[in-house]
1. In segment 148-169, which residues have a backbone nitrogen under 15 Å from the label point lying 7 Å from VAL182's Cα in the Cα-to-Cβ direction?
2. How high is the FRET efficiency between ALA26 and GLN83 when r is their beta carbon distance and R₀ equals 35 Å, given to the nearest 0.05?
3. Give me P(r) over segment 71-112, computed from all C-alpha to C-alpha distances, binned every 5 Å, as integer percentages.
4. P(r) for segment 127-188, please, calculated from all Cα pair distances in 5 Å bins and given in %.
5. If one puts a single equal scatterer on every Cα of segment 112-233 and applies the Debye formula without solvent, what log₁₀ I(q)/I(0) results at q = 0.13, 0.14, 0.16 Å⁻¹?
6. So for the pair VAL17, ILE54, with labels modelled 7 Å out along Cα→Cβ, what separation do we get in nm?
7. Read through the labelled values (1) 2.30; (2) 1.33; (3) 1.08 and report the label of the one computed as Cα Rg over 2.2 N^0.38 Å from the structure.
8. Taking only protein heavy atoms into account and a 1.4 Å probe, give the accessible area per residue of segment 8-83 in Å².
Amino acid sequence: RTLDQLIHTPEEARAFVDLLREVQVAGVPHGPVEYDFRRKDGSPGVCLSTVFPIPAEAGQPRFVCMDVDISARRQADRLVVGQHSILELIAMGTPITTVLEQITRFIELNAPGLLSSVLLLDEDGVTLRHGAAPSLPESYNRAIDGVRAGEGVGSCGTAVVRREPVIVEDVLTDPLWADYRVLAQAHGLRACWSTPVFAASGGVMGTFACYHRTPHRPNRDELRLVELAVSLV
């Protein structure tokens, strides 16, 4: 692939060309340097690159670039920092609504395209109450606040009674959403998977859910993020 196909932005592509010119003039390796890039499947990543000059051929400068995809390491660093900041909020006695909102935003930041939600189980053990969902439409949050958990009550209500994660790839076709698909469609929501949150005693205390605006199944990285979110909640 050409450089403009590989590197994320035109500005970074020009900076990389300038780096190659510096290496050509100096005649010594340079790096490592970081740049954002696009994989063949279009997904973004972060690359660590070291550039080595090699003898020119037919007057054309040549280089060997040793590139390492450090995206996973960079995300792991972000997750550690984000997790510590949320634990600090909890330790300082920050109101639960603020903490839950920070958790949902933290997950969304690390998984673009996801819309996160926390529902808390009322004292009656059946009614689900709004906890946090800053990226979902407010009218949708009001509509589902107070739903009673049960089989077929969307992803969250079903997750409570099943006591296990419920993944719905397309709410417009899944029978669990038969009574709520019109509501979801009206707000542009097409996928939802929900995981129950358990108290230390073993009882269900709420759910952590992720929505998507297109039919979608969680990938491995998204599932790991959900596990972290559930633990924090």
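1. Nothing falls inside the zone, counting backbone N under 15 Å.
2. That gives a FRET efficiency of 0.25.
3. Values per bin, smallest distances first: 5, 23, 30, 21, 13, 6, 2.
4. P(r) for segment 127-188, in whole percents per bin: 4, 19, 27, 29, 18, 3.
5. Each listed q corresponds, in turn, to -0.43, -0.51, -0.67.
6. Here the answer is 2.3 nm between the modelled labels.
7. Correct label, based on the coordinates given: (2).
8. Ligands and nucleic acids excluded, the figure is 65 Å² per residue.
The values are calculated or read from the model by the stated rules, or taken from the named source; none is laboratory data. Here the structure is a predicted model, which is why all the values come from computation and not from measurement. Glycine also receives a Cβ, built like all others from the backbone with ideal geometry; neighbour counts cover every protein chain displayed. The accessibility values were calculated without ligands, DNA or RNA, using every heavy atom of the protein model including side chains. Shrake-Rupley method; radii C 1.70, N 1.55, O 1.52, S 1.80 Å.
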